[in-house]
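Visitor: This is the structure I want to talk about, given as C-alpha cells.
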Amino acid sequence: ELRSQNERLKLTAGEAVDRAADLLVTLERLKAAQAVAHESVRPQVEIMGAIGKPGVIPFSPDLSLTRAISLANGFTRFADKKQVTVRRLKPDGTTAILVVDVDALMAAQGEPWPLQATDTIYVPERQL
C-alpha cells in the first residue's frame, strides 16, 4: 500500500523522509501558535472611566469590584463612586447593567462584590 502511494506521488524514499520532516516542523509550529492563542484568551475584566489606570485586569475567581478598582490605581478625584457601572454578559447572551454605590459598599465592609469573567467596569465622573 505504501509503495503504491509513493508511486502515485512519485517520491523517492529521501523525498518522503524530507516531506515527513517538513510536516513535523509544521505541526510543532501549529502547536506553538495554538499555545500562544490559548494564552491570549484568558478571562479578563476591563475597567475604564475615572480610574487611575484604565485597562484590562486578569480575572480570578476571587476578584471583587473593590479589588479591581485598587488594581487599577483607584479612583480619580472626579470619580462618581456612587454610580459605578458593571456590564455583565448573562448566560442567555443578553447584557445586564448593574449600578453599584462603591462608597456604600466600602463603608459596609461586608461581603466583597464579586466580579465575573468578561465584566466591564465603568466609573463615571461626577457632575459638577
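The values are calculated or read from the model by the stated rules, or taken from the named source; none is laboratory data. Note that the coordinates shown come from a computational prediction; the quantities given were computed from them, not determined experimentally. Cβ sites come from the backbone with ideal geometry, for glycine too, and all protein chains shown count toward neighbours. Accessible surface areas use protein heavy atoms only, side chains included; no ligands, DNA or RNA. Shrake-Rupley method; radii C 1.70, N 1.55, O 1.52, S 1.80 Å.
Visitor: All but one of (1) touching a Ser or Thr at 6+ places or on another chain (Cβ under 8 Å); (2) within 20 Å of residue 116 (Cα to Cα); (3) open to solvent by less than 100 Å² (accessible area, probe 1.4 Å) hold for residue 50; which doesn't?
Guide: With respect to (1) touching a Ser or Thr at 6+ places or on another chain (Cβ under 8 Å); (2) within 20 Å of residue 116 (Cα to Cα); (3) open to solvent by less than 100 Å² (accessible area, probe 1.4 Å), residue 50 is out only on (2).
Visitor: Now a separate question. What number goes with the only condition from (1) farther than 17 Å from residue 47 by Cα; (2) in contact with a Gly (Cβ under 9 Å, 6 or more places away or on another chain) that residue 79 does not pass?
Guide: Single failed check for residue 79: (1).
Visitor: Go through the range 71-116 residue by residue and tally those that are touching a strand residue (DSSP E or B) at 6+ places or on another chain (Cβ under 7 Å), among the hydrophobic types (A, V, I, L, M, F, W, C) and surrounded by 14 or more Cβ atoms within 10 Å (Cβ to Cβ).
Guide: 11
Visitor: Can you tell me which residue in the range 55-70 is farthest from the chain's Cα centre (by Cα), limited to those that are surrounded by fewer than 19 Cβ atoms within 10 Å (Cβ to Cβ) and part of a loop (DSSP other than H, G, I, E, B)?
Guide: Only one residue tops the list, namely 62.
Visitor: Go through the range 82-128 and report how many residues are under 22 Å from residue 44 (Cα atoms), of a type in the set (D, E, K, R) and in contact with a Lys or Arg (Cβ under 6 Å, 6 or more places away or on another chain).
Guide: The number of residues fulfilling the criteria is 1.
Visitor: Any residue in the range 73-85 that is under 20 Å from the mean Cα position of the chain (by Cα), on the phi < 0 side of the Ramachandran plot, assigned to a loop (DSSP other than H, G, I, E, B) and not β-branched (Val, Ile, Thr)?
Guide: No, the range 73-85 has no match at all.
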